[in-house]
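Asks: Got a structure for you, written out below as structure tokens; questions coming shortly.
Readers should treat all values here as calculations from the given coordinates under stated rules, not as data from a laboratory. As the structure is a prediction and not an experimental result, all values here were calculated from the model. FYI the Cβ positions are ideal-geometry reconstructions off the backbone, even for glycines, and counts take in every protein chain you see.
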Amino acid sequence: MQYENLIDRLIDLAFEEDINTGDVTTDSIIPESMNAVATMTAKQEGVISGLEIVEKVFLKFQKDIVFVPYFKNGDFVKKGDVILRIEASYPTLLKGERTSLNIFQRMCGIATETSRYVKELVGTSTQLLDTRKTAPGLRVLDKMAVKHGGGTNHRMGLYDMAMIKDNHIKMAGGITKAVEQVRANIPSTIKVEVETTNLAEVDEAIAAGADIIMLDNMDNATMAKAVGVIKASGKEIKTEASGNMNIPRLKEVATTGVDFISVGALTHTVKAMDISMNIQVEK
């Protein structure tokens, strides 16, 4: 699993804040030897994401659990569907319940919302991108959920793609100088994206050699003109539409010919999917 060490650390941090020195209630009442079976059930329809993370949570407590998923990441579930089953000790299930549900419900919520946006782009060549507007410490999980919902991941952080935005351009003295300075300091394998807000800036970004040009907060007509200019340049430059993107607007934006539409709301405005966990003593 990519970013496995990071995922392990965030689960450990979740346990540190939730369990810390121990579950004083469970440890007082329920013997470690008592076995039980838990099921997680969808209380609403949605898209599944994070099954392997749920399993990792419980494996932190007990290595011999039996984890049986009835769906795959990316699958659509209906209200009432049993998503998975876990056999483990009763204390393991109780101690892992809240952390696993918090993560799972958030990831499913992101995947479900992403799938709604992706549906609007069916029949177009435009892909849906996420952003860095994620919960601190949870970015890797948030971006996994976007992929499970049918979206595409933008850069993971500040290190894997250069994004030259308005403040960088001001400090460098223009788009051309900004691109030159960045190119001189990064490996050739790292892509350079430039934010533009008008057609003059698009022309400069093309001439400067940008790999990707962001069309930020432009109206649809201006975006269409910008895409036409970029394609006419003959250079292999990708285009990204950004700023105030919502579901009613997506189809029209896609008709401008942009390669990508980025939507921060996929991860910064998250409604968790309603999922319940029921535990029964194994007979």
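Asks: Taking 0.36 nm per residue of sequence separation and subtracting the Cα-Cα distance, how much length would be gained by fully extending the chain between Leu199 and Arg116, in nm to one decimal?
Replies: Additional length available on full extension: 26.8 nm.
Asks: For Met163, list long-range residues whose amide hydrogen, built 1.01 Å from N in the peptide plane, is under 5 Å from its own amide hydrogen.
Replies: Excluding prolines and chain starts, which carry no amide H, the hits are Glu193.
Asks: Expressed as a rounded percentage, what relative contact order does the range 34-118 have, with Cα pairs under 8 Å and six or more residues apart? Each step should come with its number before you reach the end.
Replies: On the way: 144 pairs, mean separation 38.0, N = 85.
This gives 45 percent for the range 34-118.
Asks: Sticking with the crude label model, points 7 Å out along Cα→Cβ, report the distance from Leu158 to Asn244 in nm, one decimal please.
Replies: 2.9 nm
Asks: Filter the cross-link list Lys191/Lys271; Lys119/Lys271; Lys72/Lys119; Lys56/Lys143 down to pairs whose alpha-carbon distance in this structure exceeds 21 Å. Please report the intermediate quantities before stating the final value.
Replies: Values: Lys191/Lys271 32 Å; Lys119/Lys271 18 Å; Lys72/Lys119 19 Å; Lys56/Lys143 18 Å.
Lys191/Lys271, as the Cα separations exceed 21 Å there.
Asks: In whole Hz and in residue order, list the ³J(HN,Hα) couplings for the range 40-45 that follow from phi through the Karplus curve 6.51 cos²θ - 1.76 cosθ + 1.60, θ = phi - 60°; x for Gly and Pro.
Replies: Ordered by residue, 3J(HN,Hα) equals 10, 10, 6, 9, 7, 6 Hz.
Asks: Arrange the following residues from fewest to most other Cβ atoms within 10 Å of their Cβ: Met171, Met163.
Replies: Ranked by crowding around the Cβ, least crowded first: Met171, Met163.
Asks: Right, another one. For the range 131-214, calculate the relative contact order in percent as a whole number, restricting contacts to Cα pairs under 8 Å that are 6 or more residues apart.
Replies: Values: 84 pairs, mean separation 20.7, N = 84.
Once normalised by length, the contact order is 25 percent.
Asks: List Thr256, Thr197 from most exposed to least, where exposure is judged by having the fewest other Cβ atoms within 10 Å.
Replies: Fewest-to-most Cβ neighbours within 10 Å comes out as Thr197, Thr256.
Asks: Grab the Cα-Cα distance for Lys225 and Ser276, subtract it from 0.36 nm times how many residues apart they are, and report the gain in nm with one decimal. Don't skip to the answer; put the middle values down first.
Replies: On the way: separation 51, 0.36 × 51 = 18.36 nm, distance 4.94 nm.
Value of the extension gain: 13.4 nm.
Asks: How about Lys133: which aspartates and glutamates have a C-alpha closer than 14 Å to its C-alpha, ignoring those fewer than 8 places off in the same chain?
Replies: Within the straight-line cut-off, Lys133 pairs with Asp142.
Asks: To continue, here is another question. Could you line up Leu59, Leu250 from fewest to most neighbouring Cβ atoms inside 10 Å?
Replies: On the way: Leu59 16, Leu250 22.
If I rank by nearby Cβ atoms, fewest first, I get Leu59, Leu250.
Asks: With N residues in the chain, what two-decimal value do you get for its Cα radius of gyration over 2.2 N^0.38 Å? Provide the component values of the computation, followed by the final result.
Replies: Details: Rg = 22.8 Å, N = 283, 2.2 N^0.38 = 18.8 Å.
Ratio of Rg to 2.2 N^0.38 Å for the chain: 1.21.
Asks: Taking the alpha-carbon centroid of each part, what is the distance from the range 225-280 to the range 108-132 in angstrom?
Replies: The distance from the Cα centre of the range 225-280 to that of the range 108-132 comes to 7 Å.
Asks: Still on this structure, please answer the following. Output the antiparallel fraction of DSSP beta bridges having both residues in the chain, as a percent to the nearest 5.
Replies: 55 percent
Asks: Could you grab the Rg to Rh ratio for the range 237-283? Cα atoms only, Kirkwood for Rh.
Replies: Details: Rg = 19.0 Å, Rh = 13.9 Å.
Ratio value, two decimals: 1.37.
Asks: Work out how much length Thr39 to Thr25 would gain on full extension: take 0.36 nm times their residue separation and subtract the Cα-Cα distance, in nm to one decimal.
Replies: Working: separation 14, 0.36 × 14 = 5.04 nm, distance 2.17 nm.
2.9 nm is the gain from fully extending Thr39 to Thr25.
Asks: Beyond 27 Å, what share of the Cα-Cα pairs of the range 1-158 remains, rounded to the nearest whole percent? All intermediate terms of the calculation are to be shown ahead of the outcome.
Replies: Numbers: 3500 of 12403 pairs.
So the portion of pairs separated by more than 27 Å is 28 percent.
Asks: For Lys165 and Asp18, FRET efficiency with R0 = 41 Å and r from the beta-carbon atoms, rounded to 0.05? If you can, show how the numbers build up before the last one.
Replies: Working: r = 37 Å, r/R0 = 0.91.
Rounded to the nearest 0.05, the efficiency is 0.65.
Asks: So for the range 119-268, Kirkwood radius off the Cα pairs, Stokes-Einstein at 37 °C and 0.692 mPa s: how many µm² s⁻¹? Kindly include the intermediate steps, with their values, before the conclusion.
Replies: Details: Rh = 15.8 Å.
The estimated diffusion coefficient comes to 208 µm²/s.
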